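Reviewing the structure listed below.
The values are calculated or read from the model by the stated rules, or taken from the named source; none is laboratory data. On a predicted model such as this, the values are computed, not experimentally measured, just so you know. Please note: Cβ atoms are built from the backbone with ideal geometry, for glycine as well, and neighbour counts cover all protein chains shown. These accessible areas exclude ligands, DNA and RNA; they are computed on the full protein's heavy atoms, side chains included. Shrake-Rupley method; radii C 1.70, N 1.55, O 1.52, S 1.80 Å.
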Amino acid sequence: MAEQLVRLSRSYVARSRGPLARLRPGTRLAYALLVSVSSIVFGRIEALALLAVAGVAFFAASRPGPRKVASVALLASIVVWSIMVSQALFYQGTPRTPIAVIVPSNTPVIGALTGGVYVYYEGVLYGLRQSLRALACLFTGAGLAASMSVLDIYTLLAGHRKLLVVLLAALRGLEKLLRELEESLASARLSGARLGLSRLHRLVPLVARRIESMSVSVALAMEYSTPVRVYSAWSTVAVLLLAATIALALLYTIYMLYSVGIVHDSWLHRLYEILRLWMA
């Protein structure tokens with residue numbers, strides 16, 4: 001199990017080569033930011049479902065390998081399951097409409113302590129909204145991570161030498177650490193030893209040595225490196241996406257200020273009625 005988790009983690013951070021990688025890094029970052037802000041702003045299920053589909057398409061455009069798809073799908077299923085179950089059973093909003101009984105209120109001990117455990121209709125809807133938000137951000141982030149190369153990071157942060165060096169060294173160190181963990185677990189399995197999740201602490205010395213080596217690499221690189229800009233990371237499309245993100249955030253701010261009664265105006269009321277259809 002431990003070896004499988006390490007293998008999935010390594011495949012998750014490995015870079016995929018697909019159509020998405022041909023876009024400028026600034027465009028990809030701006031799109032990811034727009035999806036993140038939109039998932040917060042919009043409340044209508046149709047809009048959130050569209051965002052989730054867009055996130056899946058963004059991830060698919062990175063042309064991920066089977067292992068990366070498996071790791072992202074596993075993470076997505078865990079996130080959706082935990083959100084849906086927790087909200088369906090423990091929804092605290094009002095009204096609450098029970099649609100199924102898990103533990104009747106007359107059950108000894110548990111029923112008396114909890115008043116019964118029910119599946120609430122409003123909790124299911126709220127959990128669905130939250131799950132779609134999480135899926136949109138998760139798949140978009142996975143696509144961004146899969147398509148981002150070292151050259152992309154270098155281009156984005158060429159003007160910030162220290163931050164660039166630290167980030168590149170951390171990514172390289174993480175890649176080496178996962179590879180060494182996978183090799184160590186494979187060697188232990190071939191020798192007959194078993195390292196389950198409860199025995200992963202035996203690999204702490206390996207992790208400590210990798211962190212120490214990475215620290216030395218960072219210090220040397222910061223001392224002697226002089227990054228230069230390769231090409232512009234930002235495009236016209238990226239600027240437009242950032243402008244759309246800012247406009248959406250401003251509209252949401254106006255909507256919230258009007259909702260709580262801080263601002264009042266006749267034209268704001270008309271705008272509020274339009275925004276309420278999508279942001280409520």
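Listed here are the residues, each with its yes/no results for (1) under 24 Å from ALA247 (Cα atoms); (2) touching a Ser or Thr at 6+ places or on another chain (Cβ under 9 Å); (3) open to solvent by 50 Å² or more (accessible area, probe 1.4 Å); (4) part of a loop (DSSP other than H, G, I, E, B).
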residue	(1), (2), (3), (4)
LEU50	yes, no, yes, no
ILE99	no, no, yes, no
ILE102	no, no, yes, no
PRO108	no, no, yes, yes
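When segment 267-280 is filtered for residues that are of a type outside the set (D, E, K, R), free of Cβ contacts under 8 Å to residues at least 40 places away in the same chain and within 23 Å of LEU34 (Cα to Cα), the ones remaining, listed by number, are LEU271, TYR272, ILE274, LEU275. Has segment 60-83 got at least one residue that is touching a strand residue (DSSP E or B) at 6+ places or on another chain (Cβ under 9 Å), surrounded by 15 or more Cβ atoms within 10 Å (Cβ to Cβ), in the same structural domain as MET148 (by the TED database) and assigned to a helix (DSSP H, G or I)? Taking every residue of segment 60-83 in turn, none turns out to be touching a strand residue (DSSP E or B) at 6+ places or on another chain (Cβ under 9 Å), surrounded by 15 or more Cβ atoms within 10 Å (Cβ to Cβ), in the same structural domain as MET148 (by the TED database) and assigned to a helix (DSSP H, G or I). Only one entry of GLY93, GLY115, GLY55 meets the criterion of being surrounded by 16 or more Cβ atoms within 10 Å (Cβ to Cβ) and among the small types (Gly, Ala, Ser), and that entry is GLY55. Being in a helix (DSSP H, G or I), over 19 Å from VAL35 (Cα atoms) and not aliphatic (A, V, I, L, M) is a description that does not apply to HIS264. Inclusion of TYR31 among residues that are modelled with pLDDT under 90, aromatic (Phe, Trp, Tyr), buried (at least 19 other Cβ atoms within 10 Å of the Cβ) and under 18 Å from the mean Cα position of the chain (by Cα) is not warranted. For segment 119-156, give me the residue count where each residue is open to solvent by less than 30 Å² (accessible area, probe 1.4 Å) and modelled with pLDDT under 85. Of the residues in that region, 6 qualify.
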